[in-house]
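Coordinate-derived values only; no laboratory data. None of these values were measured; they are calculated from a predicted model. Counting neighbours? That spans all protein chains shown, and the Cβs are built from the backbone with ideal geometry, glycine included.
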Amino acid sequence: MTAPLLDVVRLKKHYPLPGGMFRRGPGSVVHAVEDVSFQVPSGGTLGLIGESGCGKSTTAKLLLRLEDVSDGAIRFDGTEVQRATGPQLRAYRRNVQAVFQDPYSSLSPRRRIGDAIAEPLIAAGELTKEQISERVAELLRVVGLREDAANLYPHEFSGGQRQRIAIARGIALRPRLVILDEPVSALDVSIRAQILNLLQDLQERYGLSYLLISHDLDIVSHMCTDVVVMYLGRVVEAGSMKAVRRSPQHPYTKALFSSVLPAHPDRRPERIKLLGPLPSPINPPSGCVFRTRCPHAQAICAEQVPASVDTGVSRAACHFATPAAVS
Amino acid sequence: MSKADAMAAKVLPLMPEPTPSEPLVEVRDLRIQLRSRDGARLLNVVNGVSFPLHRGRTLGIVGESGCGKSTTALALMGLLPGSARVAGGQVQFAGENLLAKSEKEMRELRGAKISMIFQDPMVALDPLFTIGDQLAEPLERHLKLSGAALRERQVSLLQAVSIPSPETRLGQYPHQMSGGMLQRVVGAIAIACNPALLIADEPTTALDPTAQAQFLDLLARLRDTYQLALIVVTHDFGVTARLCDDVLVMYAGSVVERGPVREIFDHPRHPYTQALLAAIPQAQEDRQGRLRTIEGQPPDLARLPQGCAFAPRCPNVRPKCHELPPPLREMGDGHVASCWRAGEV
Amino acid sequence: MLFYFFRRLGRALVTIVGISVIVFVVARLSGDPTLQLAPEDATPEELAQIRSELGLDKPIWMQYVVFVEHVAQGDFGTSIRYQQPALSLVLSVLPATLQLGLSAFVLSTIVGVLLGVVTALKRDTWIDSGLRGVVVVGQAAPSFWLGMMLILLFSVELQWLPSSGRMSLAHMVLPTMALALSSVAVVLRLTRSAMLETMSADYIRFLRSKGMSKSLIVWKHALRNASIPVIAVLGLQLSYLIGGAVIVETVFNWPGVGRLMVEALNARDFAVIQAGALLVSFFTVGANLLVDLLFGLVDPRIRYE
């Protein structure tokens, strides 16, 4: 296996609760991201899945350096960047771009979209004016829009077209990694497929790596080579998308995939139901964080944090995951 | 009968179905116009929708944003926005035309005989009142319950939607509950007065996958227990596959196809339905190929073509398609489609 | 809720300390009172003597400490002008100011909220635009001018109401109106926009789908939700009204703190200025604390914060 483009090692993000003298005692923090490790393979797509509050969006913010990490390392192409500043941070930001769910809110309504796409190019300060407008025209073409679209304003486009514009802006500086945070959730079904295909084309054309965050397991399954499953700030399972999809090893992953809606009325996949509510990330359960909702929980689950076990299919953090036979 | 079903049956005695052969709801050629933003034009947002619906059965109305599916649902409730007006058709409900009823008469039906669930449970409840208050409102208004009887009914309704420790929950506020839990509360409010028709508009779109699956299970259970006629408005064929008996596909305000759910999945006749089904990433298989797409942009109701509304995006378009809008044609087995080429195999 | 209350109380105390510093310093900036007290031919030694009697020869921070010590014991010093305890002087006129400020507050809240709801429900009709037109005029006009216009109309022309003094309930009508009108405008506009916003909220649509009557939806649900931003502004309005009372008092010759303060300022009567400003501040801060608590009562999300 080639060296990963992005290597995340035991990443942590704790938010201390806002307090005063009458508030909860010291040490009261939200464990938003706890010991999260994963790799984005060069040229591949890593899916980050899990339900609201599992820490996937916080992880994206940490990777984009929009928030400071509490602990752990982010290695990009072999270099640690979690504390990078100045030119090093600028170089990193240039290489790691993002496309978010709602393109309308990330585009200024009073700005022609040509200018919006040119913005990162101008900020980089390497191209002449003519080169920039040439590049903007090229980018528009690449994402499937007409070149004269540059003179229009965001409200003159449909949701799908605006997402194309956001993608054009995201790849303007030829980044190597693009973080896709729910890139098609706001779009209609017929438009979703267009955007997903476009993303795949761009990946092939420019050798991009993607980190795809989505709650739609069908889309993640379709797009990703690898997958990381998060629950309450922790990684519970990670492995190749196909393998995890075919035989999930962690009980949470099983429950998650069993909730995917059937693709045909005759298919009624057996549902695994989770018990009880999602615990609070302020006081996560002891031992295995999933134990309060796990159908198989035993005494040991409350006592020890399960280590990540290589099951042959994936790496799963469960006391009852069967390790792969040593060959 | 599961424990939950038994619990639910205890709460609400089954209403006898008057004449099982007659549909509870019969929508005929419903037409709705919407004043355009600038006020200059009237747009045909719903253009001749018809369907029957029996008790205990589920109809899925599928389509993309702006196709008229939610407007159709709101028209059934008598809750159209001020800028919209019914331009024609009938909505027969238990033998009466709802469109001929006054606002006051509709208010007696809403929440009592016809209920609705909306998309986002996080904003469906008033943040300043407890769950108990908001559950009590329809019970006090329609069933004139009070005191211990009210309390008992509140508790059993929360039990019917599988909310643990209902007594505690009644005293809580919406912000203290998760989205999945809130949608259950909304469901409890909707069935509080034992309605005959329940309309759910994108009921699980705002929920996480596991909560979504659980809520769809709940809807199916409530439908079966109370013999509800259920209309589910959705953009997601997965929801129809899980829940529906019949599916109605809308495009640009018109019904393009309607039929039993298996027919629609196995033999879609309209190219739009075919394309929508093909555009779904099939999680069941490991396909790393490309998705089939529908080229072009969603239709602009102010600038619909003269012929078939789907013609500009249709892969099998013929000259005739640009001239005349195709009528809905019977395909057999209650399956209808509006495509000039629907008869061809 | 208790934490919330204590936090707000703490904040209120900090505000009062801040105000006391400002009041103290500003009063000192207004000039040297020694010259007012001393005979015109006083020698520098005599002036120094008076200064030291008044404690004015000490460093200013020490003067402040002494001031706070005394205030804590209810001693705001003696009015140089009336040779009476400043506190009792202010207390004797304070009820008049509070009466005016509070009645204007109650009036503007009730009228503003009612009209706000009406204009929101009758949006874009002649009622809406008419009422809002009147209100814009009310907000633009300064209260003293408004006061004079009211006197001209109701006292001079129509002779319905008295124009000055504080003898009967009738005397209250014009000053209250003059003071309240601009506040009515603020409350109306805010209530209207908050109502429009809540009426389009999803939960209102869900309430309609439950078959709830329009009056229940408007008065129970929409108004309560719309009241949250309105309450926030009511706190400000109260401060503004009590402050504004000072000006209106002069126009209507209303015997309140405002009139007393103007006289005291002219006479550099420190003790009275300090006592007046501080007491008015106490009431304003107290009222704002009440408003904060009201927030907690209305909004469970704050209560459970």
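Distance between the modelled labels on C:Arg7 and A:Ser280, one decimal in nanometres: 1.5 nm (7 Å Cα→Cβ projection). The label point for C:Val111 and the one for B:Ala302, both projected 7 Å from the Cα toward the Cβ, are 4.3 nm apart. Which FRET efficiency, nearest 0.05, do A:Arg174 and A:Asp71 yield, Cβ-Cβ r, R0 30 Å? E(calc), rounded to 0.05, equals 0.40.
As a rough footprinting exposure proxy, the listed residues A:Asp310, B:Asp133 were ranked by other beta carbons within 10 Å of their own, and the order from fewest upward is A:Asp310, B:Asp133. Taking amide H positions as modeled 1.01 Å from N, with prolines and chain starts lacking one, the residues under 5 Å from A:Ser209 and 5 or more places away or on another chain are A:Gly43, A:Leu177, A:Val178. The lysines whose alpha-carbon is closer than 16 Å to the alpha-carbon of B:Lys101, local same-chain residues fewer than 8 away aside, are B:Lys113. I need the fraction of alpha carbon pairs in segment B:154-193 separated by more than 15 Å, rounded to a whole percent. The proportion of pairs with Cα distances above 15 Å equals 27 percent. Largest mean-square fluctuation among A:Gly78, A:Gly55, A:Gly114, in a Gaussian network model of chain A whose springs join Cα atoms under 10 Å apart, belongs to A:Gly78. Radius of gyration over Kirkwood radius for segment A:6-317, both on Cα atoms: the Rg/Rh ratio is 1.00.
For segment C:150-156, 3J(HN,Hα) computed residue by residue from phi via the Karplus equation (6.51, -1.76, 1.60; θ = phi - 60°) reads 5, 4, 4, 6, 8, 9, 7 Hz, glycine and proline entered as x.
Solvent-free Debye calculation, one equal scatterer per alpha-carbon of segment C:11-144: log10 I(q)/I(0) at 0.12 Å⁻¹ equals -0.74.
Take chain C and mark each of the chymotrypsin sites (Phe, Trp or Tyr not before Pro) that is in a DSSP loop with at most 13 other Cβ atoms within 10 Å; the longest unmarked stretch, sites excluded, is C:1-159. Length gained on full extension, C:Thr250 to C:Ser129: 40.2 nm, using 0.36 nm per residue less the C-alpha separation. What the Cα convex hull of segment A:136-284 gives, in volume per residue, is 159 Å³.
Over segment C:101-256, Cα pairs under 8 Å with separation of 6+ residues give a relative contact order of 37 percent.
With both residues required to sit in segment A:6-317, DSSP beta bridges show an antiparallel share near 60%. Return the percentage of antiparallel bridges among DSSP beta bridges fully within the protein assembly as shown, rounded to the nearest 5 %. Restricted to the protein assembly as shown, the bridges split so that about 60 percent are antiparallel.
The alpha-carbon atoms of chain B define a convex hull whose volume equals 160 cubic angstrom per residue. Taking every C-alpha pair closer than 8 Å and separated by at least 6 residues, the mean separation divided by the residue count of chain C gives a relative contact order of 30 percent. The modelled label-to-label distance between C:Val68 and C:Ser88, using points 7 Å beyond Cα along the C-beta direction, is 2.8 nm.
Extension gain, C:Ala141 to C:Ser193, is 16.5 nm, computed as 0.36 nm per intervening residue step minus the present C-alpha separation.
For segment A:32-77, what value does the Rg/Rh ratio take when both radii are computed over Cα atoms and Rh is the Kirkwood radius, given to two decimals? Rounded to two decimals, Rg over Rh is 0.94.
Going from the residue with the fewest nearby Cβ atoms within 10 Å to the one with the most, B:Leu109, C:Leu102 rank C:Leu102, B:Leu109.
At an R0 of 56 angstrom, the distance between the Cβ atoms of A:Lys12 and B:Arg292 translates into a FRET efficiency of 0.85. Using the alpha carbons alone, the radius of gyration of chain C stands to its Kirkwood radius in an Rg to Rh ratio of 1.08. Considered as an equivalent ellipsoid built on the Cα gyration tensor, segment A:101-207 has semi-axes of 21, 16, 12 Å, the largest given first. Of the three principal axes defined by the Cα atoms of segment C:101-256, the extents in descending order read 56, 30, 25 Å.
Amide H to amide H, with H built 1.01 Å from N, A:Ser37 comes under 5 Å of A:Arg10, A:Leu11, A:Val235, counting only residues 5 or more places away or on other chains. Residues whose amide H falls under 5 Å from that of B:Ala87, counting only those 5 or more places apart or on a different chain, are B:Arg31, B:Ile32, B:Gln33, with hydrogens built in the peptide plane. The translational diffusion coefficient of the protein assembly as shown, from Stokes-Einstein at 10 °C and 1.306 mPa s with a Kirkwood hydrodynamic radius over alpha carbon pairs, comes to 48 µm²/s. Ordering C:Val113, C:Val186, A:Val8 by the number of other Cβ atoms within 10 Å of each residue's own Cβ, fewest first, gives C:Val186, C:Val113, A:Val8.
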